[in-house]
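S.K.: Below you'll find the structure I mean.
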Amino acid sequence: MKLVKNYLYNMSYNLLILFTPLLTVPYISRVLHPVGVGINATTNSVITYFLLFGTVGITIYGNREIAFIRDDFKKRSRVFWEIEFLQIFTISVAYLFFLMFLFFEKQYKIYFFYQSFLIIAGAFDISWYFMGLEDFKKTVSRNAVIKVLSVAATFLIVRTSHDVGKYILVLSISQLLGNLTLWPYLLGNVDKPTINFFAMFKHLKPSIMLFIPQIAMTVYLALNKTMLWKLDSVSASGFYDYSDKLIKLVLAVVTAIGTVMLPHIANLYAKKQLEKVKQYLYTSFDFVLFISIPLGFGIAAISTTLAPWFFGRYFSSVNTLLMIESPVILFIGLSNVIGQQYLLPTKKTAQYTVSVVLGALVNIIVNIPLIIAWGVKGAMLATVISEFCVTAYQLFVVRHDFQMRHFFKNIISYLLSGSCMCMIVYTLNVTMKISVFSLLGQVVVGILTYIGLILIIQPDILNKVSDLSK
């Protein structure tokens, strides 16, 4: 039952992270206008690079290492402080480089300074420790409260186009406060700190190994928009960004299980319970197929009216992009199972890194001809191809560790149910008048249709999910 609760906690928080910007976007875009929104986006994108280099993969590494030793209080305390002091050190170095950058920055110096609280917040982010303990309730409930308060502060404080700095401060300070609120929970969870600089730096190399795939993912996600801007237009980049935001919103439901399963699998691996690891992976893989296939079909089915209703008539072309990108929900869901839930917890970091770098290289290679030929549609197709390559390579890597037929045992049932659901919902979508009620009705019809067909076909997914709840 603990795994199911953790999944629901993490999924809810992932959805909250994605929903809160979507709630404030219509308000902020009207108050700050394009220039203010652009200042925040531009300065934040630069800060992201300093934060990325400051954390050097510690979030995933710390989660995994704590999971390995969570039953040993003394060792767990020592490793926690070693990793946390390393994080404070690397963030400090990153902040020094930021100050050097700030010295030469002329145009947006004050806005960059406000954004820099996000870098400082990274030094005090210990959510990885509680995730390693599989204590998701603390991190999710604390972050949920902070997110809600930040949304409220946005509406109360940001009132005119001159409040760009206030908006940036609300976002950055709320992140810092959110990270600090976890620290009181350390009382009784770890011993008092002892500083050992030599022990601290032994964690640097393995965390950097996890940092490499993070760089690859960040680069190729940002590169899509940059290449669209250079090879097509700024508007095309915006269309891509909005389509990707909606897909990531749906993906939060699928990938939440990866964060939950990583420490659980790592702990089982540390205890050498390898057969149990395999059984959990078979169940997790089947569960992701069960939910990602209908989600992909569903988003494609309602995209014709969803895009113009959600973003406005100027973004009606996003509907085609959503249809093209929808298979990504399945591919990323499956690579999340193999990569986040098996390769990383079992210290097969090299294979995971190769898969992500492969995806980045494929994306870069196919992007140019596809964008030249089909514009933003080509960029979206390149994203689908690259994510397929990541998943295919990871399945190839683990082909000797698992029986592939167990992975895909029920896929025909899910594809049949999902495709039937898609045809019914799409017919409703193109014939009904656009409104929030018609879209909600189509979603309900889709869910009932899919579940009804699954109950008729009777795959063994329900029995497998009950295994996760034990």
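S.K.: If you scan the stretch 123-136, which residues turn out to be touching a residue at least 60 places away in the same chain (Cβ under 8 Å) and more than 8 Å from Asn179 (Cα to Cα)? Even if it seems obvious, please write down each step before you answer.
M.R.: Taking the stretch 123-136 as the starting set, the residues that turn out to be touching a residue at least 60 places away in the same chain (Cβ under 8 Å) are 123, 125-129, 131-134, 136.
Across the stretch 123-136, the qualifying residues are Ala123, Trp128, Tyr129, Met131, Gly132, Leu133, Glu134, Phe136.
S.K.: Might you let me know whether the stretch 172-183 holds any residue that is β-branched (Val, Ile, Thr) and not in a helix (DSSP H, G or I)?
M.R.: Checked against the condition, which is being β-branched (Val, Ile, Thr) and not in a helix (DSSP H, G or I), the stretch 172-183 yields at least one hit.
S.K.: Which of (1) farther than 21 Å from Tyr61 by Cβ; (2) among the hydroxyl-bearing types (Ser, Thr, Tyr); (3) surrounded by 17 or more Cβ atoms within 10 Å (Cβ to Cβ) is the odd one out, the single condition Ser207 does not satisfy?
M.R.: Going through the list (1) farther than 21 Å from Tyr61 by Cβ; (2) among the hydroxyl-bearing types (Ser, Thr, Tyr); (3) surrounded by 17 or more Cβ atoms within 10 Å (Cβ to Cβ), Ser207 breaks only (1).
S.K.: Another question, if that's okay. Restricting to the stretch 190-218, what's the tally of residues that are in contact (Cβ under 8 Å) with a residue 24 or more places away in the chain and part of a loop (DSSP other than H, G, I, E, B)?
M.R.: 7
S.K.: What tally of residues in the stretch 168-206 results from selecting those that are under 30 Å from Ile110 (Cβ atoms) and touching a helix residue (DSSP H, G or I) at 6+ places or on another chain (Cβ under 9 Å)?
M.R.: Going residue by residue through the stretch 168-206, those that are under 30 Å from Ile110 (Cβ atoms) are 168-183.
Imposing the further condition that a residue be touching a helix residue (DSSP H, G or I) at 6+ places or on another chain (Cβ under 9 Å) reduces the set to 168-182.
Residues meeting the conditions: 15.
S.K.: Another question, if that's okay. Being farther than 23 Å from Gly57 by Cα, polar (S, T, N, Q), at pLDDT 80 or above and in a loop (DSSP other than H, G, I, E, B) narrows it down to one of Ser161, Ser150, so name that one. Quick ask: steps written out before the conclusion?
M.R.: Values: Ser150 fails: in a loop (DSSP other than H, G, I, E, B).
Checking each option against the conditions leaves just Ser161.
Conditions (1) under 26 Å from Phe285 (Cβ atoms); (2) outside the structural domain of Val354 (by TED's automatic domain parsing); (3) modelled with pLDDT of 95 or more, marked per residue:
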residue	(1), (2), (3)
Asp401	yes, no, no
Phe408	yes, no, no
Met421	yes, no, yes
Val430	no, no, no
Val436	no, no, no
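S.K.: Residue under question is Val376, and the condition is that it be assigned by TED's automatic domain parsing to the domain that holds Leu231 and either under 17 Å from the mean Cα position of the chain (by Cα) or on the phi > 0 side of the Ramachandran plot (or both); does it hold?
M.R.: When the stated conditions are applied, Val376 does not pass them.
S.K.: Give the residue, chosen from Ile47, Ile69, Ile60, that is surrounded by 15 or more Cβ atoms within 10 Å (Cβ to Cβ), over 26 Å from Val145 (Cα atoms), of a type in the set (Val, Ile, Thr) and at pLDDT 70 or above.
M.R.: Ile69
S.K.: Only one of these conditions is not met by Leu102: (1) in a helix (DSSP H, G or I); (2) at pLDDT below 90. Which number is it?
M.R.: With (1) in a helix (DSSP H, G or I); (2) at pLDDT below 90 applied to Leu102, the lone miss is (2).
S.K.: Evaluate the following for Ser292: is it among the hydroxyl-bearing types (Ser, Thr, Tyr), assigned to a helix (DSSP H, G or I) and within 21 Å of the chain's Cα centre (by Cα)?
M.R.: Taking the combined requirement at face value, the residue satisfies it.
S.K.: Specify which of the listed residues (Arg78, Arg142) is within 27 Å of Ile208 (Cβ to Cβ), assigned to a helix (DSSP H, G or I), of a type in the set (Lys, Arg) and in the same structural domain as Thr181 (by TED's automatic domain parsing).
M.R.: Arg78
S.K.: Okay, moving on. Could you tell me which numbered condition Ile372 fails, if it satisfies all but one of (1) of a type in the set (A, V, I, L, M, F, W, C); (2) closer than 30 Å to Lys276 by Cβ; (3) in contact (Cβ under 8 Å) with a residue 12 or more places away in the chain; (4) surrounded by fewer than 16 Cβ atoms within 10 Å (Cβ to Cβ)?
M.R.: Result: Ile372 fails condition (2) only.
The values are calculated or read from the model by the stated rules, or taken from the named source; none is laboratory data. Please read these numbers as outputs of a predicted model, since none were measured by experiment. Every residue, glycine among them, receives a Cβ derived from its backbone with ideal geometry; neighbour counts consider all protein chains shown.
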